[in-house]
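Here the structure comes first, spelled out in structure tokens, and everything after it is commentary.
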Amino acid sequence: QAEGEAGSPLSKDPSAGSIPGPWDHDLSRRQTNLLYIYPQSLNFANRQGSARNITVKVQFMYGEDPSNAMPVIFGKSSCSEFSKEAYTAVVYHNRSPDFHEEIKVKLPATLTDHHHLLFTFYHVSCQQKQNTPLETPVGYTWIPMLQNGRLKTGQFCLPVSLEKPPQAYSVLSPEVPLPGMKWVDNHKGVFNVEVVAVSSIHTQDPYLDKFFALVNALDEHMFPVRIGDMRIMENNLENELKSSISALNSSQLEPVVRFLHLLLDKLILLVVRPPVIAGQIVNLGQASFEAMASIINRLHKNLEGNHDQHGRNSLLSSYIYYVFRLPNTYPNSPSPGPGGLGGSVHYATMARSAVRPASLNLNRSRSLSNSNPDISGTPTSPDDEVRSIIGSKAMDRSCNRMSSHTETSSFLQTLTGRLPTKKLFHEELALQWVVCSGSVRESALQQAWFFFELMVKSMVHHLYFNDKLDAPRKSRFPERFMDDIAALVSTIASDIVSRFQKDTEMVERLNTSLAFFLNDLLSVMDRGFVFSLIKTCYKQVSSKLYSLPNPSVLVSLRLDFLRIVCSHEHYVTLNLPCSLLTPPASPSPSVSSATSQSSGFSTNVQDQKIANMFELSVPFRQQHYLAGLVLTELAVILDPDAEGLFGLHKKVINMVHNLLSSHDSDPRYSDPQTKARVAMLYLPLIGIIMETVPQLYDFTETHNQRGRPICIAPDDYESESGSMISQTVAMAIAGTSVPQLTRPGSFLLTSSSGRQHTTFSAESSRSLLICLLWVLKNADETVLQKWFTDLSVLQLNRLLDLLYLCVSCFEYKGKKVFERMNSLTFKKSKDMRAKLEEAILGSIGARQEMVRRSRGQLERSPSGSAFGSQENLRWRKDMTHWRQNTEKLDKSRAEIEHEALIDGNLATEANLIILDTLEIVVQTVSVTESKESILGGVLKVLLHSMACNQSAVYLQHCFATQRALVSKFPELLFEEETEQCADLCLRLLRHCSSSIGTIRSHASASLYLLMRQNFEIGNNFARVKMQVTMSLSSLVGTSQNFNEEFLRRSLKTILTYAEEDLELRETTFPDQVQDLVFNLHMILSDTVKMKEHQEDPEMLIDLMYRIAKGYQTSPDLRLTWLQNMAGKHSERSNHAEAAQCLVHSAALVAEYLSMLEDRKYLPVGCVTFQNISSNVLEESAVSDDVVSPDEEGICSGKYFTESGLVGLLEQAAASFSMAGMYEAVNEVYKVLIPIHEANRDAKKLSTIHGKLQEAFSKIVHQDGKRMFGTYFRVGFYGTKFGDLDEQEFVYKEPAITKLAEISHRLEGFYGERFGEDVVEVIKDSNPVDKCKLGPNKAYIQITYVEPYFDTYEMKDRITYFDKNYNLRRFMYCTPFTLDGRAHGDLHEQFKRKTILTTSHAFPYIKTRVNVTHKEEIILTPIEVAIEDMQKKTQELAFATHQDPADPKMLQMVLQGSVGTTVNQGPLEVAQVFLSEIPSDPKLFRHHNKLRLCFKDFTKRCEDALRKNKSLIGPDQKEYQRELERNYHRLKEALQPLINRKIPQLYKAVLPVTCHRDSFSRMSLRKMDL
């Protein structure tokens, strides 16, 4: 039945009928032996007699007799399963019908010459007549099934005989003309039929047939052999066998695939048991090896779609895994286990020969293993005898082991048909591989994995079946085999090194295969021997690396190699983790050990031991070989001097990271002691990572603008001689890939060489830091402590920097981040970025990638690329875009929750490890008492961790550590690290407002103890008081999510502590605490107000301003609030205001600094800053209640120092620069430059001058394009506004703000607050009459105002900047007529100018300033006309002299000046005001002024026309003429009006010459009407 389901063979898949997969590895289970018959057509056109309705009967016969038909034809549905015959359908009235049947036959296992297919042709009559049968036979033909022992299949065109064939016809084919037979159409072929076989027994391939027949003949010892028409005699057998082996390559692929496992078995058999032919042993090892190599390569090339992700063909891998067993030494013994060798072929190898030599039977009985009769033991007799007989010739090492013949005695020949030399397959394979060359070697290299895996399996079987698994490893394999392996590995390594640039893909496969092979050998061979092989590979690579310009590809290959070798299950054991390092006889005087010895704590030998454990010293690398290699790779690739290895950072870091992950999750190492041993293998990792501090990604940038708090200046990093990797060791590192290391003193480079560090990516840095934390967590504390004792202060500080970075790196980000990351766009862009990086960095070309993709092999791209290695599989699978549509990309809520949970746990774990390490550092320091400077760093890390988002679990431990630190080293906080004290207060206060009760109680306890400690030192705790007040102010000013209610609760707790503290009850301490708490409550109340106005930026800044003013007497707090204001301004991009806040802060600091110390180069106080802003004087400390800066706790903040002042000024300059006020930048630097000059700081000065150059060049470039601000007068009217009622302000808005915009903003804002129907904007700018306003409404009046300057001021305010800086007066105009209308005719149009003066000059530390003074000027109609004409004239002059010229603008102005259509144009003005001399002498002067204005105006028009003429093209000629005509008309009309002078004005002028000055001054007076 099973075969019945095999279906039609029309699918021509080469693997059809082969073993379908590794699960189905037993050949006998899938034995198929089927025949398909397809009758196609028949031509009876030339046959006499009636033969029209034709059917064909098909039978499978085993003899000539009709009864010999076999029931082997599969029945149709609903018939019996098998039948003896099958018919084709009848084609009605057709003498040459076509047939469309498929007849399926089950072939008998054994075929003889008499088996044949018989076709009988019948004529079927449609009407049954009397006495005539229904069907009449009209012809016969047949096909013999065997021809020369081979199954006969294919396309046939057969002649048809008219009568039954004679006796014994089946042996012959119908084409043979048998005597006395009649044939249709003269024996021509008239019947077309096709026969197809699907069989696992018949190869249907002449080459395979021949090979199997010969091997079978050898096995059965039957000569001569008949193959086709040939008879092969025994003496000719050897050549035939060899030629048939080499001809295997010509066979078709399909039968090769189908019989692959059998074929390989036979070839292996020939290798292991060389046949004896005519008394000669024929060594077929080489021929078989070549045949195997070529067959395997052929399969690999042709079955591309059949590879697994490692590029291995699944047919071959399933052969190794399931089918291959070491051939049993006895030809006739049962094969060991299923699918042994052979399978029932028709010249079957498995068919037992009847004659069995007696001696062999005996031998078997002796050597059967007790447990499994199928496994023979190790026989001693014939084998040893053979050895002695053959003599040392074949076995001797010096002799050529490849000799193919060996003379042997006839005794052996009589003993068995075959010489039972046992060759071990792995030994023979290694030997053949080592000695092969040319194309064979190339094929073997292409598919090295197959031979390596075969060899390993053979070795394991050999050990298992010979019970050698318990034997010591050194004696498991003979020496010459080990030599062969060594030679093989060495040559393959040199292939990799020499060919990696040409055959990238092949070398990559080869490299991986070699690594897997060595990994397997570690399990079965002597480990020392395998290590020596690894060393060989390393040496080959190293020697090549030195000569390469770009070593990254080769180093990447080496990384892959190492990664695979290190993935061994016993990797840890292989590194001998339990043996402690013994000091070498003469310790290498490495730099770091030299410094540590001089530290003079522990004994030298002990010291050296510890140092060796923590650096890649020679003893370390001898003891822990593989770990040494891994860490060396890491050190070399991460070294900043290593050129061209940047792309491998991620790869090498991932390798270490994956190793540590596997140790961590390995149940064998779950015990803490065991883990500590494992961690010891990685102690040098700490040193390596410390070396990379400057290159790590800076995770701290998100926290504070200043980046990470490097305790050491960057140039100390390079210049520090106590480097972690000592010079000698660096040189000795196996295969160091950095030739630069040979430069003298490469570790002593100072920063003057300007070395740029390449920064690692965030992902790599994170992995590296995780590795660091793992080692710190699991390493033995005492060992760490000893090592810390030996480290120099610089190195310990560097370790603290690393921990600081870890805190930022593993900070808990919260669920929102995961949700954001979850958006698809992010994934896409990340993917694109990865591909882009890879295209830039990697060596992978688009073509290669395409080829790869088509093979589904993207996982393994060339090693040089950033893409390579399996580390990237993670994002590959879920992100690459060609798979996007199939995968679900959005994570579910649960997944996000889970990710956030894991992230939180990681954050807590990481921080607890950091805390433990800090504890160890503190213990170390307290033992040595020489490293107080380290404690500051410890505190910094601790405070930083408090500032990040932390879990309650961590914070409890953290507070405990902090309290212990403060009580152990109180002077540290209150005397040395004063800045840290401020920070600590801020952190504690922040946690006092936490919503979690436990955190609050811990934080308030810590804060209370801090006060108490401070009090105990000096009977008051002014410092802490001051810092707490400042901290609260800054917390209140900056923190958004700050909870005032919880903070008040914490303050209450602190009060309770103070009241119940029995020891201090008698002192002033409780009262002082009470004062402090009261003060803090006051600040909190201010804050509540600020909270209310959170949405009203102007009001908020006003409040902050008020609070800051309240602190006028407490400089530290005022400074804090000024800084809060600066922060708020910066957030809203009011850079000019932020800069002013910083200038005020600097002035405040300068005031107090000048009291503290008198230094010539420091600013004298606020006065110095007057040029920057006239407002600064309010910072001067002149009032009575000014505190002296010498008092405890006053001016103790970090800003009240010279460097603090410099910092503030630099920030101010940066803010001015962002605001575009480059002139102010210059003024700020004028204050800074003397300070730097006094300090001879050339570097800073060069930076400043660079910035000044930038500033001035920007002034030049942006001339005419600068905009600073727009000003509006805003008045508030109505009781709803509270404090603001009847207040008028000038608001400064961003440049180009329209009136509608500010109106909309304020109306919207107050509308939301009071209700939209309540707020009303007054549309005009007339004075507001309170009586007319509704009592329950809120009115806002908004007017656009312009800066106003008196004429005398204008000579100082020249540039655009001058006219927009230090502004205190603003003006707006309101037109009116005497009868109350706003606009009237020219002669009745008046104008009111309102000038406002503000309390402070703009820009100020806030964006709205109160109006303090208001004056009005009223212009008469003629004055209005004068102003208009002056404006027009100015416009004309500007348009005329503009450079470059703007014709459009010029024509627009001209059109408005000379065009006749202009209503209220120049002509009308002249006619109204100049047509007659005014009767009022007061107006003479105005009349004259207007007349002169017109004179000037006409001249300007003429200039403009002339200019326009030079600019226009021919198309505008007519336009120009029209303009000129208009101009002349205008001039003529104006002429009499302009020339009419007022005689009275010109009479008295000439004699009075001495009063010129007073006269000119008089003309500037305003007219009071």
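The values are calculated or read from the model by the stated rules, or taken from the named source; none is laboratory data. Every value quoted in this text rests on a predicted model; they were computed, and no experiment measured them. Neighbour counts run over all protein chains shown; Cβ positions are idealised from the backbone, glycine included. Accessible surface is based on the protein model in full, side chains and every heavy atom, while ligands, DNA and RNA are left aside. Shrake-Rupley method; radii C 1.70, N 1.55, O 1.52, S 1.80 Å.
The table that follows gives values for the structure above.
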quantity	calculated
Selected residue (criterion: farthest from Ala779 (Cα to Cα)) from residues of segment 663-696 that are small (Gly, Ala, Ser) and without any contact (Cβ under 8 Å) to a residue 40 or more places away in the chain	Ser665
Residues of segment 1253-1309 that turn out to be closer than 22 Å to Tyr1348 by Cβ and among the acidic types (Asp, Glu), as a count	2
Unique match (being open to solvent by less than 30 Å² (accessible area, probe 1.4 Å), among the hydrophobic types (A, V, I, L, M, F, W, C), closer than 22 Å to Lys1509 by Cα and in contact with a helix residue (DSSP H, G or I) (Cβ under 8 Å, 6 or more places away or on another chain)) among Val1469, Val1458	Val1458
Some residue of segment 1163-1174 being hydroxyl-bearing (Ser, Thr, Tyr), under 22 Å from Asp1102 (Cα atoms) and modelled with pLDDT of 90 or more	no
Given (1) under 17 Å from Ala1022 (Cα atoms); (2) in a helix (DSSP H, G or I), index of the condition Trp1121 fails	(1)
Among the candidates Asn192, Asn186, residue that is of a type outside the set (Val, Ile, Thr), farther than 30 Å from Val272 by Cβ, at pLDDT 80 or above and part of a helix (DSSP H, G or I)	Asn186
Segment 1291-1317, residues that are at pLDDT below 90 and in contact with a helix residue (DSSP H, G or I) (Cβ under 7 Å, 6 or more places away or on another chain)	Phe1314
Among the residues listed as Trp142, Trp183, the single one being open to solvent by 30 Å² or more (accessible area, probe 1.4 Å) and in contact with a strand residue (DSSP E or B) (Cβ under 6 Å, 6 or more places away or on another chain)	Trp183
Filtered residues of segment 240-254 (kept if touching a residue at least 40 places away in the same chain (Cβ under 8 Å), open to solvent by 10 Å² or more (accessible area, probe 1.4 Å) and either of a type outside the set (D, E, K, R) or not in a helix (DSSP H, G or I) (or both))	Ser246, Ala247, Asn249, Ser250, Gln252, Leu253
Cross-chain or 6+ apart pairs with Cβ under 6 Å, segment 943-963 first and at pLDDT below 90, then open to solvent by 10 Å² or more (accessible area, probe 1.4 Å) and not in a helix (DSSP H, G or I)	Cys948/Glu811; Asn949/Glu811; Asn949/Tyr812; Ala952/Ile996
Qualifying position, being under 60 Å from the mean Cα position of the chain (by Cα) and under 30 Å from Phe212 (Cα atoms), among Val193, Val198, Val171	Val198
Matching residues in segment 472-494 - criterion: being assigned to a helix (DSSP H, G or I), out of contact with any Cys (no Cβ under 8 Å at 6 or more places or on another chain) and either of a type in the set (Phe, Trp, Tyr) or open to solvent by less than 20 Å² (accessible area, probe 1.4 Å) (or both)	Phe481, Asp484, Ile485, Leu488, Ile492
Contacts under 6 angstrom Cβ, first residue in segment 632-646 being within 16 Å of Pro694 (Cβ to Cβ), partner open to solvent by 10 Å² or more (accessible area, probe 1.4 Å) and of a type outside the set (A, V, I, L, M, F, W, C), 6 or more apart	Pro640/His757; Asp641/Gln740; Phe646/Thr758
Single residue of segment 1263-1291 satisfying the filter (without any contact (Cβ under 8 Å) to a residue 12 or more places away in the chain and part of a helix (DSSP H, G or I)) that is least open to solvent (accessible area, probe 1.4 Å)	Leu1284
Among the candidates Thr1087, Thr1068, residue that is in contact (Cβ under 8 Å) with a residue 24 or more places away in the chain and surrounded by fewer than 14 Cβ atoms within 10 Å (Cβ to Cβ)	Thr1068
Any hit, segment 1036-1044, residues being more than 18 Å from Leu986 (Cα to Cα), open to solvent by 30 Å² or more (accessible area, probe 1.4 Å) and within 50 Å of the chain's Cα centre (by Cα)	no
Long-range neighbours under 6 Å by Cβ, at least six apart or interchain, first residue within 17 Å of Ile1340 (Cα to Cα) within segment 1292-1303, second part of a loop (DSSP other than H, G, I, E, B)	Lys1292/Gly1269; Lys1292/Thr1407
Selection within segment 766-788 - of a type in the set (Ser, Thr, Tyr) and modelled with pLDDT of 90 or more	Ser767
All helices (runs of 4 or more DSSP H) inside segment 757-823 with 2 or more residues being in contact (Cβ under 8 Å) with a residue 40 or more places away in the chain and within 16 Å of Val922 (Cβ to Cβ)	781-790, 793-809
Criterion (at pLDDT 85 or above, farther than 30 Å from Leu1511 by Cβ and either small (Gly, Ala, Ser) or open to solvent by 70 Å² or more (accessible area, probe 1.4 Å) (or both)) met by exactly one of Lys1489, Lys1448	Lys1489
Entirely in segment 59-127, the strands (runs of 3 or more DSSP E) that have 3 or more residues that are in contact (Cβ under 8 Å) with a residue 12 or more places away in the chain and either closer than 21 Å to His202 by Cβ or not hydroxyl-bearing (Ser, Thr, Tyr) (or both)	103-106, 116-124
Val1453 being surrounded by 15 or more Cβ atoms within 10 Å (Cβ to Cβ), in a strand (DSSP E or B) and of a type in the set (Val, Ile, Thr)	no
Every residue from segment 532-565 that is under 31 Å from the mean Cα position of the chain (by Cα), over 16 Å from Leu626 (Cα atoms) and hydroxyl-bearing (Ser, Thr, Tyr)	Ser542, Tyr546, Ser552, Ser556
Residue ranges of strands (runs of 3 or more DSSP E) in segment 1322-1435 with at least 2 members in contact with a Gly (Cβ under 6 Å, 6 or more places away or on another chain)	1338-1347
Top-ranked residue in segment 982-1001 [being of a type in the set (D, E, K, R) and within 36 Å of the chain's Cα centre (by Cα); ranked as modelled with the lowest pLDDT]	Asp983
Subset of segment 746-765 (residues that are at pLDDT below 50 and open to solvent by 30 Å² or more (accessible area, probe 1.4 Å))	Phe747, Leu748, Leu749, Thr750, Ser751, Ser752, Ser753, Gly754, Arg755
Residues (crowded, with 17+ Cβ neighbours inside 10 Å and more than 28 Å from Tyr92 (Cα to Cα)) located in segment 26-68	Leu27, Thr32, Asn33, Leu34, Leu35, Met61, Tyr62, Glu64, Asn68
Any hit, segment 974-992, residues being in contact with a Cys (Cβ under 8 Å, 6 or more places away or on another chain) and open to solvent by less than 20 Å² (accessible area, probe 1.4 Å)	yes
